[in-house]
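A.B. asks: Structure below; questions to follow.
Every read-out reported here was derived from the displayed coordinates using simple, explicitly stated rules and does not represent laboratory data. Source: prediction; values computed, not measured. Backbone-built Cβ (ideal geometry, glycine too); neighbour counts: all protein chains shown.
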């Protein structure tokens, strides 16, 4: 944070309320409210619902009793303290601790247990900083391990489903094993759009090419398209590789199968492009439905929001038809669908 | 009774019950007695029904059972009602917002 403590003498802490008002932490040259009212102090706000329970308890237990001024402004109660490096660092670390404790603990009992442990060991501010830091590094380690295990589980799921359905994919789309890749050289948005439009124009209408290109160039990501055959558009340095338990990969962008459905009208596969490293899925770039229409003998690929990454193929198809929202919730009640 | 939604390829007809045909005829812009939507492969989806434009959407008024036809798809019998024309959507075709 670019704050200059040397010109500042007071820390104003505006206590908010969960879901009503955020917390406001500011550095001001005066203890009175005038600087806050005129927005002359440097500071930041923090969502009250994320920190208030822990922040209030620990802060009250350690320094709450000695403010030089208290005033009410903008639905907050401000407590003013004389600036000290220790106090400033304590507030900073306490906010971080409050955020992360909410992620670490799954019950209030756990939160209260850790908070009372912290308070029991806090005899003064400096010791308290050490105690909170100690808990913080422990919590961060546990949360990191949990996140990594979630990422590994996601990888396992995608790899397993890909292994399960890849033969079916090859039987419906035999040319997916050897697709054409159009490379986009430019790393700048406007020239990338121009380059992508020139490629897409060969396959799509102008307006459609334009829309695709605008969204393609917003990230450094490879996309698949399906017309007479399947092809890809990818940034220049992403080489295509096949193998293992994924459909294909462009460097660290792995494309997996996450679902399959076969009816008398169509066969569809849910494809997911992810950033994968060390058998962990770090990010989901896109989710799409690659299909074959049995009546028209045509192949198609449609993209759905990445928020549907864990939803079924059918939910993704319903999104394409506007029957569910980006989170998979029904937007239309009581309908009967007739498809051909 | 549940609303009907028909899909033929990329074309969707969604039955709407919040508008009646009198209102549509009065305030909507009459386009044609036939709805014809060209496909990318040169054929088109066709249905004989009064077509109106209202707001940013296209509606058809089906007064007696009519058939939605396309050269490559099976026909669908559309029951009487008012239908809004929609298409299959695509996340990659969403309107892109400018960078912050």
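A.B. asks: Which ones in region A:123-155 are farther than 24 Å from residue A:99 by Cβ and either surrounded by 13 or more Cβ atoms within 10 Å (Cβ to Cβ) or in contact (Cβ under 8 Å) with a residue 12 or more places away in the chain (or both)?
C.D. replies: Answer for region A:123-155, where residues must be farther than 24 Å from residue A:99 by Cβ and either surrounded by 13 or more Cβ atoms within 10 Å (Cβ to Cβ) or in contact (Cβ under 8 Å) with a residue 12 or more places away in the chain (or both): A:152, A:155.
A.B. asks: I've got another one for you. Among the residues of region A:297-320, which ones are buried (at least 19 other Cβ atoms within 10 Å of the Cβ) and facing another protein chain (nearest Cβ under 8 Å)?
C.D. replies: Those that are buried (at least 19 other Cβ atoms within 10 Å of the Cβ) and facing another protein chain (nearest Cβ under 8 Å): A:302, A:303, A:304, A:319, A:320.
A.B. asks: Something else now. For region A:85-109, name all the residues that are farther than 18 Å from residue A:44 by Cα and surrounded by 13 or more Cβ atoms within 10 Å (Cβ to Cβ).
C.D. replies: Looking only at region A:85-109, we keep the residues that are farther than 18 Å from residue A:44 by Cα, and these are A:86, A:100-109.
Matches in region A:85-109: A:86, A:100, A:101, A:102, A:103, A:104, A:105.
A.B. asks: Another one. Please list, ordered by residue number, the strands (runs of 3 or more DSSP E) wholly in region A:238-340 having 2 or more residues that are farther than 30 Å from residue B:79 by Cβ and without any contact (Cβ under 8 Å) to a residue 24 or more places away in the chain.
C.D. replies: Correct list: A:240-243.
A.B. asks: Does any residue of region A:209-219 turn out to be free of Cβ contacts under 8 Å to residues at least 40 places away in the same chain, closer than 26 Å to residue A:241 by Cα and away from chain B (no Cβ under 11 Å)?
C.D. replies: No - not one qualifying residue is present in region A:209-219.
A.B. asks: Out of (1) more than 20 Å from residue A:293 (Cβ to Cβ); (2) more than 14 Å from the chain's Cα centre (by Cα), the odd one out for residue B:62 is which?
C.D. replies: Unmet for residue B:62, out of (1) more than 20 Å from residue A:293 (Cβ to Cβ); (2) more than 14 Å from the chain's Cα centre (by Cα): (2).
A.B. asks: Grab the strands (runs of 3 or more DSSP E) fully contained in region B:3-100, keeping just those with 1 or more residues being without any contact (Cβ under 8 Å) to a residue 12 or more places away in the chain.
C.D. replies: So the answer is B:3-8, B:35-38.
A.B. asks: Would you be able to tell me the number of residues in region A:173-187 that are farther than 18 Å from residue A:212 by Cβ and free of Cβ contacts under 8 Å to residues at least 60 places away in the same chain?
C.D. replies: 4
A.B. asks: Working only within region A:69-85, note down all residues that are under 33 Å from the mean Cα position of the chain (by Cα) and not in a strand (DSSP E or B).
C.D. replies: A:74, A:75
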